[in-house]
């Protein structure tokens, strides 16, 4: 029997918490080698957990946290004032090595600020980056970063994102030589804004397979394994992709309903539709890893259901097994040091320029 990996789960993160988190934790413990540590008000969680488990024995424990950070709260203020929040308690478990990683569907800005404060940044990283797996026509995901942690970036931030994304693709997705592209408005080196033009030579000088500029369509056509951009552009691309996915899904459902009449044909089409839907559904991909902090922090949608929670826990397990943080730290240590912010930067100084992917 595989050794259980301990993962902390913010039980009061999602819009409909704690039901999706509890159901997701139960699914995870039934299908993955994991011990889930639910973090939130103990009495409330205990009653709900007993109700859902119905005397079933699963490796789920509860860690008390008396406060919850709401989706509409400003990150800096919430992190500063709510010292017993489920986010902070869960991330302290990571820092103290009582768990291998932390998963939350809560306020993204607060999660990032808390992770930076509690865990600290990996040496050589100025700003952590949120990383999303985007579906492609090849069936293999494309790694897109940053998708919302940093609205404004410098060229050396994109350089660090490229290193972290390439390491993620190699260690977690098992891509032997990831193709790394820089998201811009044209393939030519001269195309783009000041940021992309400054970042291009930095990425070209890295010991990675840098393929140059890529365009928005390349996110989904499989021509790159890793695509780097600032958090503003990445978040727009992420949300646009999710919207297009829902549009295609709804149009296909409508078309099948109108054109398929035979029962056998309908069953076959329904199976194909369900496969199509799974490939586009963000719930199937799990959460977005926050790369660049000294510990595993997975952030997923506030609207996450139990499947998204399950898959976010799966992603945390994959990160723990791949030892991705230590590999990123070693990779950055091998490069010439650049001036960077202190890993103990106060959230008051950093959280306000971070964008939340709700």
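The values are calculated or read from the model by the stated rules, or taken from the named source; none is laboratory data. Computed from a prediction, not measured in an experiment: that's the story for all the values here. Here the Cβ is made from the backbone with ideal geometry for all residues, glycine too, and neighbour counts use every protein chain on show.
Please specify each residue of region 71-92 satisfying the condition of being free of Cβ contacts under 8 Å to residues at least 24 places away in the same chain and outside any loop (DSSP other than H, G, I, E, B). Selection gives 77, 81.
Do you know which of the residues in region 200-209 that are in contact with a strand residue (DSSP E or B) (Cβ under 9 Å, 6 or more places away or on another chain) and closer than 15 Å to residue 166 by Cα is surrounded by the fewest Cβ atoms within 10 Å (Cβ to Cβ)?
So in region 200-209, the residues in contact with a strand residue (DSSP E or B) (Cβ under 9 Å, 6 or more places away or on another chain) come out as 200, 203-204, 206, 208-209.
Subset that is closer than 15 Å to residue 166 by Cα: 203-204, 206, 208-209.
Details: 203: 24, 204: 13, 206: 15, 208: 21, 209: 16.
Among them, the one singled out is 204.
Has region 241-258 got any residue that is on the phi > 0 side of the Ramachandran plot and in contact with a helix residue (DSSP H, G or I) (Cβ under 8 Å, 6 or more places away or on another chain)? No, region 241-258 contains no residue that is on the phi > 0 side of the Ramachandran plot and in contact with a helix residue (DSSP H, G or I) (Cβ under 8 Å, 6 or more places away or on another chain). Of the residues 198, 187, the single one that is over 22 Å from residue 235 (Cβ atoms) and not in a strand (DSSP E or B) is 187.
Does region 80-87 include one or more residues that are more than 28 Å from residue 22 (Cβ to Cβ) and assigned by TED's automatic domain parsing to the domain that holds residue 309? The answer is yes; a qualifying residue exists. In region 93-104, the residue that is farthest from residue 290 (Cα to Cα) out of those that are outside any strand (DSSP E or B) and touching a strand residue (DSSP E or B) at 6+ places or on another chain (Cβ under 9 Å) is 98. If you check residue 176 against the conditions, is it buried (at least 23 other Cβ atoms within 10 Å of the Cβ) and either in a helix (DSSP H, G or I) or outside the structural domain of residue 333 (by TED's automatic domain parsing) (or both)? No: the conditions fail for residue 176. What about residue 127, is it buried (at least 24 other Cβ atoms within 10 Å of the Cβ) and in contact (Cβ under 8 Å) with a residue 60 or more places away in the chain? Against the criterion (buried (at least 24 other Cβ atoms within 10 Å of the Cβ) and in contact (Cβ under 8 Å) with a residue 60 or more places away in the chain), residue 127 qualifies.
Quick one: which of 48, 58, 38 is within 15 Å of residue 310 (Cα to Cα) and more than 24 Å from the chain's Cα centre (by Cα)?
Values: 48 fails: within 15 Å of residue 310 (Cα to Cα); 38 fails: more than 24 Å from the chain's Cα centre (by Cα).
That would be 58, the only listed residue that is within 15 Å of residue 310 (Cα to Cα) and more than 24 Å from the chain's Cα centre (by Cα).
When region 47-70 is limited to residues that are part of a loop (DSSP other than H, G, I, E, B) and at pLDDT 90 or above, the one that is surrounded by the most Cβ atoms within 10 Å (Cβ to Cβ) turns out to be 69. The set of residues from region 162-175 being within 14 Å of the chain's Cα centre (by Cα) and within 30 Å of residue 194 (Cβ to Cβ) comprises 164, 165, 168, 169. Among the residues of region 186-199, those that are surrounded by fewer than 18 Cβ atoms within 10 Å (Cβ to Cβ) and touching a helix residue (DSSP H, G or I) at 6+ places or on another chain (Cβ under 6 Å) comprise 189, 198.
Here is a list: 195, 206, 183, 202. Which entry is in contact (Cβ under 8 Å) with a residue 40 or more places away in the chain, within 23 Å of the chain's Cα centre (by Cα) and assigned by TED's automatic domain parsing to the domain that holds residue 166?
Numbers: 195 fails: within 23 Å of the chain's Cα centre (by Cα); 206 fails: within 23 Å of the chain's Cα centre (by Cα); 202 fails: within 23 Å of the chain's Cα centre (by Cα).
Within the list 195, 206, 183, 202, the selection yields 183.
Number of residues in region 140-156 that are within 18 Å of the chain's Cα centre (by Cα) and not in a loop (DSSP other than H, G, I, E, B): the value is 4.
Return the residues of region 105-121 that are under 17 Å from the mean Cα position of the chain (by Cα), in a loop (DSSP other than H, G, I, E, B) and closer than 13 Å to residue 295 by Cβ; say none if nothing qualifies.
119, the sole residue that qualifies.
The set of residues from region 26-56 being within 17 Å of residue 68 (Cβ to Cβ) and in contact (Cβ under 8 Å) with a residue 40 or more places away in the chain comprises 37, 39, 40.
Before we move on, is residue 137 within 21 Å of residue 320 (Cα to Cα), over 17 Å from the mean Cα position of the chain (by Cα) and assigned to a loop (DSSP other than H, G, I, E, B)? So residue 137 does not fit the description; no.
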